[in-house]
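The values are calculated or read from the model by the stated rules, or taken from the named source; none is laboratory data. As the structure is a computational prediction, the values presented were derived from the model and not from experiment. All Cβ positions, glycine included, derive from the backbone under ideal geometry; neighbour counts span all protein chains shown. The accessibility values were calculated without ligands, DNA or RNA, using every heavy atom of the protein model including side chains. Shrake-Rupley method; radii C 1.70, N 1.55, O 1.52, S 1.80 Å.
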Amino acid sequence: AKQVAPGSHVFFNQEMADEIQERLRISNDLQQALANNELTLYFQPQQRVSDNKPVGVEALLRWLPPGKTPIPPGVFIPVAEETSLICDIGNWVLLEACSSFDRWQQAGIKVGSLSVNISARQFHSAGFIAHLSLLLQQYPSCRQHLILEVTEGVFLENLTESRSRMAQIKTLGVNISIDDFGTGYSSFAYLRELPVDELKLDRSFIQYIDQRPQDKAIIACLLNLARTLNMDVVAEGIETQQQLATLSELNCPSYQGYLRARPMPEAELIEWLKPL
Ligand code: C2E
Ligand code: CA
Ligand code: CA
Ligand code: CA
């Protein structure tokens, strides 16, 4: 049997208590942050593999507490997802992203598509479709450009309900993308049932595409699947020229990654998009 030091269970409980305390603190601070305008959106460009032509941007949330180091979304999004706070934040993100996009359209700046991350709780929340519909009345320029990124986890609970939601979303002129595709537990069956427009290939498949033949084979297979099902594909997390060359060889349509551009504030994006 495992040797347990005397009193170590007390330490473990303390650790758990600290963890809960920490989450509570983040959750409280986050509510304040939303009210105090400490949240902002960065935008990461996406481009075509064949010629690097910009095809869109993904909005990525940033929490910049004044005078402190930025808190990465990987830390605060999971905490927000435990409560309905994620819906308030998510709706704010949608509003902010659409108003930015509308500004760009007005200024004649072409960005292509606008991708926004939607968490499962937000997607299934009662007011979501109504919020989206109102938003598109306010910013009609976003119609046919807005793409909602959801993870496979969204469909695990209730496929029928998900299907009818997605149909409503499609009616509004909004497209749907599966984020982190291939990393979840789901089978491919839902792809047959749901109106999916785009797959985002997770960085974990891309990272070793040039070292592991298995990874390259999986990517090639997913690209074939997407082609057959008439879905667009964005490969995530491209950091090297070699990775890009391999994606080009496999005829991947588009990509996103530090090799080309990091997520950046709106003002920088405008500069970045200006032709040389
Ligand atoms: P994600 O949706 O998979 O977003 C891609 C993440 O990969 C972003 O991290 C992006 O900055 C990072 N990335 C892009 N290119 C590269 C690369 O070449 N190399 C590496 N190492 N990383 C790259 P970020 O911005 O820290 O966001 C992390 C996650 O937080 C996102 O993953 C998404 O799940 C979540 N998130 C961000 N913004 C929102 C939001 O507004 N709503 C919701 N629900 N989730 C969000
Ligand atoms: Ca995403
Ligand atoms: Ca990802
Ligand atoms: Ca696209």
Q. Taking only DSSP H segments of four or more residues, each worth -39500 (n - 2.57), what value at 222 nm results for the chain once the sum is divided by all its residues, to the nearest 500 deg cm²/dmol?
A. -14500 deg cm²/dmol
Q.
For a quick check: with amide H placed at 1.01 Å from N, whose amide H comes under 5 Å from residue 115's, ignoring anything fewer than 5 positions away on the same chain?
A. 57, 58, 59, 147
Q | the chain - share of DSSP beta bridges that are antiparallel (%, nearest 5) | A | 35
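Quick check for you: with a 1.4 Å probe and neighbouring chains kept, what is the accessible area per residue of the chain, in Å²?
52
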Q. Once phi is turned into θ = phi - 60°, what whole-Hz ³J(HN,Hα) does the Karplus curve with 6.51, -1.76 and 1.60 give for every residue of segment 122-134, x standing for Gly and Pro?
A. 5, 4, 8, 6, 4, x, 4, 5, 4, 4, 4, 5, 4
Q. Across 10 Å bins from 0, what is the distribution of all Cα-Cα pair distances for the chain, in whole percents?
A. 6, 26, 32, 24, 9, 3, 1
Q | Net charge contributed by nearby residues that have their C-beta within less than 14 Å of residue 162 (K/R +1, D/E -1) | A | +1
Q. Residue 62 to residue 259: FRET efficiency via 1/(1 + (r/R0)^6), r the Cβ-Cβ distance, R0 25 Å, to the nearest 0.05?
A. 0.75
Q.
Can you tell me the length gained on complete extension of the stretch residue 230 to residue 144, counting 0.36 nm per residue apart and subtracting the Cα distance?
A. 29.3 nm
(Q) Per-residue counts of other Cβ atoms within 10 Å, averaged by peptide: what ranking do you get for 23-29, 163-169, highest first? (A) 163-169, 23-29
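Roughly to the nearest percent, how much of the accessible area of segment 122-180 is carbon and sulfur, given a 1.4 Å probe?
52
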Q | Neighbour net charge for residue 24 - beta-carbon separation under 12 angstrom, K R +1, D E -1 | A | -3
